[in-house]
1. Any chance you could count how many residues in the range 27-49 are over 14 Å from Asn88 (Cβ atoms), more than 15 Å from the chain's Cα centre (by Cα) and either surrounded by 16 or more Cβ atoms within 10 Å (Cβ to Cβ) or in contact (Cβ under 8 Å) with a residue 24 or more places away in the chain (or both)?
2. Filter the range 55-85 down to the residues that are assigned to a loop (DSSP other than H, G, I, E, B) and either loosely packed, with under 15 Cβ neighbours inside 10 Å or of a type outside the set (Gly, Ala, Ser) (or both) and list them by number.
3. Checking the structure you have, find out if any residue of the range 72-88 is touching a helix residue (DSSP H, G or I) at 6+ places or on another chain (Cβ under 9 Å), acidic (Asp, Glu) and not assigned by TED's automatic domain parsing to the domain that holds Trp144.
4. Any idea which of (1) within 21 Å of Val165 (Cα to Cα); (2) in the same structural domain as Phe75 (by TED's automatic domain parsing) is the one Gly29 doesn't satisfy?
5. Looking at Glu92, Glu26, which is the one that is more than 22 Å from Gly120 (Cα to Cα), of a type in the set (D, E, K, R) and either assigned to a loop (DSSP other than H, G, I, E, B) or modelled with pLDDT of 90 or more (or both)?
6. Sort out which residues of the range 104-127 are modelled with pLDDT under 75 and either among the hydroxyl-bearing types (Ser, Thr, Tyr) or closer than 19 Å to Ser9 by Cα (or both), and write them in order of number.
Amino acid sequence: MALWGNNDSVYSDGTVTVNLTTKKVERVGTSATFNTAGISTGNIISVGAGVTFGYAVISAVDSAGALSIASTDHFVSGLTTVTATTYNISQEPIYTLGDSIYRAPESKTTGFSTNPVFTGVFGVDSIEVGVAATTEYAVTHSGWVGITSYVDTHGNVRVKHEVLVAGGILTTSDAPDDVQFPDS
C-alpha cells in the first residue's frame, strides 16, 4: 500500500450505502464492479456530495458490490448508517485524513467568517494548474493540493492553498474538482 497515488478519481459510479457499525460499504444497484474497477487497499473513499458524511481508507475490496473500510473516525460523529449517496474513490494521501484542516465535511462554518468555509484535497495535474492560473484557485505546482476557501466579511473570495505532495505526473480521471480546477 502506497502513501498516495496519482489519481484523484479511481471510481465513482453509482451510489453507495455505508454501515458504520460493520464498516461495510455497499454499492446500490445491480451493476456493481468494485472488484474490477482498479480499487485497492489504501485508496480513500469520500462519501456524500462535498464529503457530507466523511472519508475512510479502504481496507479490502470484498466483492463486486462491497468494500470494507479501516475506520469510521473521519465520518461525521453520531452516524451509524449512510443511505444511498454519491461517493468518490481516490488515491489521495492517507495522512490528510488526520489533518484537522481537511476534516469532513468539506463545507463548514468556522472562525474565518460567518460564511461557509470550504476545505478539500485535490489532485491537480499540470493542465489544471495552467487553466487555474488566472482564477482565484491558482496553485503553484501540480500534485496533491489542500485548498481552503471562504468569503470574507467584505464579500471577497479568499483561497489558501498548500501543496501537500508535489507531483509532475499526476493524472486525473476528471474527478468532481472541475469547479475549482477545470481541465480546459
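1. 7
2. Ala64, Ser71, Thr72, Asp73, His74, Val76, Ser77, Gly78, Leu79, Thr80
3. Among the residues of the range 72-88, at least one is touching a helix residue (DSSP H, G or I) at 6+ places or on another chain (Cβ under 9 Å), acidic (Asp, Glu) and not assigned by TED's automatic domain parsing to the domain that holds Trp144, which makes the answer yes.
4. Condition not satisfied by Gly29: (1).
5. Glu26
6. Once the filter is applied, which keeps residues that are modelled with pLDDT under 75 and either among the hydroxyl-bearing types (Ser, Thr, Tyr) or closer than 19 Å to Ser9 by Cα (or both), the range 104-127 yields Ala104, Pro105, Glu106, Ser107, Thr109, Thr110, Ser113, Thr114.
The values are calculated or read from the model by the stated rules, or taken from the named source; none is laboratory data. Please read these numbers as outputs of a predicted model, since none were measured by experiment. All Cβ positions, even for glycine, are placed from backbone atoms using ideal geometry, and neighbour counts span all protein chains on display.
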